[in-house]
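The values are calculated or read from the model by the stated rules, or taken from the named source; none is laboratory data. This one's a predicted model, so the numbers in the text were calculated from it and none came from an experiment. All Cβ positions, glycine included, derive from the backbone under ideal geometry; neighbour counts span all protein chains shown. Keep in mind that these areas ignore ligands, DNA and RNA; they rest on the heavy atoms of the full protein, side chains included. Shrake-Rupley method; radii C 1.70, N 1.55, O 1.52, S 1.80 Å.
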Amino acid sequence: MENDTIATQVTETIQDTSALATMTDGIKKLTTTPVSEWLPDLVKEYLVPFGLKLVAAIVVLLLGRWVIKLIKKWMANGLMSRHGDATLHSFLSNLVSVVLYFFLIMAIVGILGINTSSLVALLASAGLAVGMSLGGTLQNFAGGVLIIMFRPFKVGDFISAQGMEGVVNEIQIFNTHLLTLDNKEVILPNGALATGVMTNYSKQKTRRVDWVYSISYGDDYDKAKMVLRRLCDADERIFKTPEPFIELGKLNDSSVDITMRAWVNSKDYWPVFFSMNEKVYKAFAKEELHIPFPQMDVHMKS
């Protein structure tokens, strides 16, 4: 047994020495032989085949990008014509784009002569390590899937979440894009949206508008109530059933506060809210109803 081991070691040493000698001879040949003798062989055996592979890879890249854009356009037309759902289109478009580009990169790597099986194994190992370190990213992806499945909101809805308010502009794989009322784009992670508290103001077709109007002590409360009732009846956007609620809400320090509530279509919420404030201000002034301001009476004793 010991003799076999010694023989094996000797054989390996001879092979290593032979390989080293071959490499040394090659280096000496390159340094001593004129460039004009070995350069054509180098170009013919290595540079030309690699150049052809590189050109083929570039062609495949350009063609693949064109095909991916064509597939995304076909999907968009198909989904919008059948379902008209911009939410599903946005999410699937991003997901399909990522998958197709992955396969395109793998095809290009294979054309260049790189072993794709080893590369896939390397990417899988790297993906596992990155996935463990970036748990939040996987959570955002899962959140995006949950949003598409259960539809707590869709593109075009006005929502409030994570301290931000805006109209849903796009739902991507990892993030959701909102446009605020002053046209700023806010990007929210899907994980937080799927698991956190979110208010969807567009989910229901109707909403209740709440106002609080104040008059001074000494003003005619019944008259103020009648004015508010008349303004509600005159606005066609306000539902007559259920009828508007108008009652005395609170006797405040410097004012008598009247609570008014009315139901409208969700799309009319803000127009009705702002226009009613203007109408009440003008009507109270015309009817000699005073909108009070904070005041304090001071009594001085000599």
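Under a plain spin-label model, where a point goes 7 Å from the Cα along Cα-to-Cβ, how far apart in nm are residue 222 and residue 61?
8.5
Please give the FRET efficiency for residue 295 paired with residue 141, using the beta carbon to beta carbon distance and R0 = 35 Å, rounded to the nearest 0.05. List each step's numbers first, then the result.
Values: r = 58 Å, r/R0 = 1.67.
With a Förster radius of 35 Å, E is 0.05.
Express in nm, to one decimal, how much length is gained between residue 52 and residue 282 on full extension, taking 0.36 nm for each residue of separation and deducting their alpha carbon distance. Walk me through the numbers before you get to the answer.
Working: separation 230, 0.36 × 230 = 82.80 nm, distance 8.06 nm.
Taking 0.36 nm per residue and subtracting the Cα distance, the gain is 74.7 nm.
Under the 0.36 nm per residue contour assumption, what length would be gained going from the current alpha-carbon distance of residue 261 and residue 183 to full extension? Could the numbers behind the result be given before it?
Working: separation 78, 0.36 × 78 = 28.08 nm, distance 2.95 nm.
Roughly 25.1 nm would be gained on extension.
Can you order the peptides 253-264, 176-187 by their average number of other Cβ atoms within 10 Å per residue, highest first?
Details: 253-264: 17.2, 176-187: 14.3.
The peptides rank, most packed first, as 253-264, 176-187.
If the viscosity is 1.306 mPa s and the temperature 10 °C, what translational diffusion coefficient in µm²/s does Stokes-Einstein give for the range 142-203 when Rh comes from Kirkwood over Cα pairs? Mind dumping the intermediate values first?
On the way: Rh = 11.2 Å.
Reported coefficient: 142 µm²/s.
Based on a Kirkwood Rh over C-alpha pairs, give the Stokes-Einstein translational diffusion coefficient of the range 165-302 at 4 °C and viscosity 1.567 mPa s in µm²/s. Could the numbers behind the result be given before it?
On the way: Rh = 18.1 Å.
Calculated translational D: 72 µm²/s.
Starting at the first residue of the range 59-66, write each ³J(HN,Hα) from the Karplus equation 6.51 cos²θ - 1.76 cosθ + 1.60 with θ = phi - 60°, in whole Hz, x for Gly and Pro.
Values, residue by residue: 4, 5, 4, 5, 5, x, 4, 5 Hz.
Label-point separation (nm) for residue 73 and residue 165, each offset 7 Å from Cα along Cα-to-Cβ?
Once both label points are built, they end up 4.1 nm from each other.
When you have a sec, figure out the Kirkwood radius of the range 222-294 from all distinct Cα pair distances and drop it here in Å to one decimal?
After inverting the pairwise mean of 1/r, the radius is 13.1 Å.
Any chance you could check the Cα centroid distance between the range 207-249 and the range 250-302 for me, in angstrom?
Their Cα centres are 10 Å away from one another.
Hey, can you find the accessible area per residue of the range 147-290 for me, probe 1.4 Å, expressed in square angstrom?
On the way: 8270 Å² over 144 residues.
Value for the range 147-290: 57 Å² per residue.
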